[in-house]
1. Can you tell me which residues in the stretch B:1-43 are in contact with a helix residue (DSSP H, G or I) (Cβ under 8 Å, 6 or more places away or on another chain) and more than 25 Å from residue B:164 (Cβ to Cβ)?
2. Is there a residue being of a type in the set (S, T, N, Q) and either open to solvent by 10 Å² or more (accessible area, probe 1.4 Å) or at positive phi (or both) anywhere in the stretch A:126-139?
3. Test of understanding: among B:163, B:202, which residue is open to solvent by less than 10 Å² (accessible area, probe 1.4 Å) and within 14 Å of chain A (Cβ to nearest Cβ)?
4. For residues that are in contact with a Gly (Cβ under 6 Å, 6 or more places away or on another chain) and part of a helix (DSSP H, G or I), scanning just the stretch A:180-199, find the one that is farthest from residue A:75 (Cα to Cα).
5. Among the residues of the stretch A:1-20, which ones are surrounded by 11 or more Cβ atoms within 10 Å (Cβ to Cβ) and closer than 25 Å to residue A:85 by Cβ?
6. Of A:84, A:93, which residue is more than 18 Å from residue A:28 (Cα to Cα) and either within 11 Å of chain B (Cβ to nearest Cβ) or touching a Cys at 6+ places or on another chain (Cβ under 9 Å) (or both)?
7. Could you give me the residue pairs with C-beta distances under 6 Å whose first residue belongs to the stretch A:44-66 and is within 13 Å of chain B (Cβ to nearest Cβ) and farther than 16 Å from residue A:105 by Cβ, whose second residue is surrounded by fewer than 18 Cβ atoms within 10 Å (Cβ to Cβ) and of a type in the set (Ser, Thr, Tyr) wherever it lies, and which are 6+ apart or on separate chains?
8. For the stretch B:67-81, name all the residues that are open to solvent by 50 Å² or more (accessible area, probe 1.4 Å), at the interface with another protein chain (Cβ under 9 Å from one of its Cβ atoms) and over 24 Å from residue B:198 (Cα atoms).
There are 2 protein chains.
Amino acid sequence: VPSVAVRETLEAAKPFIHPWIPIVSLTKGFEAGSLARMTQVIKEVLPSHPAAVLTGPNIAREILAGQAAASVIATEDLAVASALQQVLRGGLLRVYTNHDVVGCEIGGALKNVVAIACGIAQGLQVGDNTRAAVMTRGLAELTRLGVAMGGEAATFAGLTGMGDLIATCISPYSRNRQVGERLGRGESLEDILGSMNMVAEGVKTALTTHDLADRYGVDMPVSESIYQVVTGELSPDEAYWGLRRPGHEAEPG
Amino acid sequence: VPSVAVRETLEAAKPFIHPWIPIVSLTKGFEAGSLARMTQVIKEVLPSHPAAVLTGPNIAREILAGQAAASVIATEDLAVASALQQVLRGGLLRVYTNHDVVGCEIGGALKNVVAIACGIAQGLQVGDNTRAAVMTRGLAELTRLGVAMGGEAATFAGLTGMGDLIATCISPYSRNRQVGERLGRGESLEDILGSMNMVAEGVKTALTTHDLADRYGVDMPVSESIYQVVTGELSPDEAYWGLRRPGHEAEPG
């Protein structure tokens, strides 16, 4: 279920769900307008149900092909997490638990914006040195925002943060990376989105991230550049050169 | 200069180097036996010279091709670092400064072992989900060792840690990744090294990392698996399955 349809889907499903059944979000985005995380939407619509999120470096096509992968189930009550872990794991899919719902959810959503940036770098053929730098800067800034929003820094260094970000940025099957790559090759966003039959959450998340960065007072140069591309203020080429401005790449010390 | 030849090269050059001239290491490895970092070797052979390290996500072939890249010059005296920054930067190569010599040097060396692990995953065609997980686990464990050795955690999250690790793991031009990829496809280490005319430091660094992990009491499952492949105790296929053991992938919480 894409983020735009989660609330209405939950409302429609509500009469048919037994009390106390946990609701697991697989959606990687925020609700437009409210900027709510998906488990916050679940708690609002189904307040008596435990809300959880399943997230990690999980390119669906690889899991469908039977390849090994690791995922994380995050919910505040670790007894519920353990029960869900038993249900969800199987074959070569390993499932780990984490109590940091906020951190897991934010990493999964914000990494899609970085994947668009990485895709643009790929489309512009600027090399792996630059792609690696974009991923590094991207993880640093989404960690800053995530911690400001109540997530734990360690979560962003784990499978649901760095792991998911890298998988999405390097996999040719990532829709968000594909959007960026086609932008980098000169296609218009309208044409790209019109030709895709699946949702690229990163485009909407770029708008949300802009608002969240503003609300929490966090500087997010990579995401802000993608926001400006999505809103038409910058061309992908200009965004790339903006990402290379010195102020965005100062090292500690 | 490969790590094995740094001390003798410095000894040979010593009579010809003016006093106080800074010595910059571009070598990403440790000295065999002493387990010394390259700037430690510089300080031993040329004690009156400032020792620095230049490191970052810098696949040489891309820089030679004129593509943009960012690098870091690390030395204890930031005045010296700034002077070197002016000398080294140019064109599309940006150079940042860092005072954390230990962290910069360790990240640059240890990432080559993770690159071999990633190459094995590539050679075994296990998918991008797994490659992303190996990079994430690899950075976590080399950060643990690096902090135990006196480096700063923030350094490992930056260009010289995560950035260099990702570039080396994803670039088809990385020698260490190539070694892993050919191991994963079933070639013997002897044949691979015999066919390369450049040094793959990661093979030697896998031996050093095993000793350093032991000395500092740090658990390093990814690097240890590569050590066992390099020493012939495990096949690449066995190492891959070992990397997927649950004990190696517990999430926080």
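The values are calculated or read from the model by the stated rules, or taken from the named source; none is laboratory data. All figures in this text were calculated on a predicted structure; none of them were measured in a lab. For neighbour counting, all protein chains shown are included, and Cβ atoms are generated from backbone atoms with ideal geometry for every residue, glycine included. Side chains are part of the model used for accessible areas, which takes the heavy atoms of the whole protein and leaves out ligands, DNA and RNA. Shrake-Rupley method; radii C 1.70, N 1.55, O 1.52, S 1.80 Å.
1. B:11, B:14, listed by residue number.
2. No, because not a single residue in the stretch A:126-139 is of a type in the set (S, T, N, Q) and either open to solvent by 10 Å² or more (accessible area, probe 1.4 Å) or at positive phi (or both).
3. Values: B:202 fails: within 14 Å of chain A (Cβ to nearest Cβ).
Exactly one of B:163, B:202 is open to solvent by less than 10 Å² (accessible area, probe 1.4 Å) and within 14 Å of chain A (Cβ to nearest Cβ), namely B:163.
4. As a first pass, look at the stretch A:180-199 and keep what is in contact with a Gly (Cβ under 6 Å, 6 or more places away or on another chain): A:180-181, A:184-185.
Of the ones still in play, those that are also part of a helix (DSSP H, G or I) are A:180-181, A:184.
Details: A:180: 32, A:181: 34, A:184: 38 Å.
It comes out as A:184.
5. A:1, A:3, A:6, A:9, A:10, A:13, A:17
6. Just a single option satisfies the conditions, and that option is A:93.
7. A:59/A:173; A:61/A:173
8. Within the stretch B:67-81, B:78 is the sole residue that qualifies.
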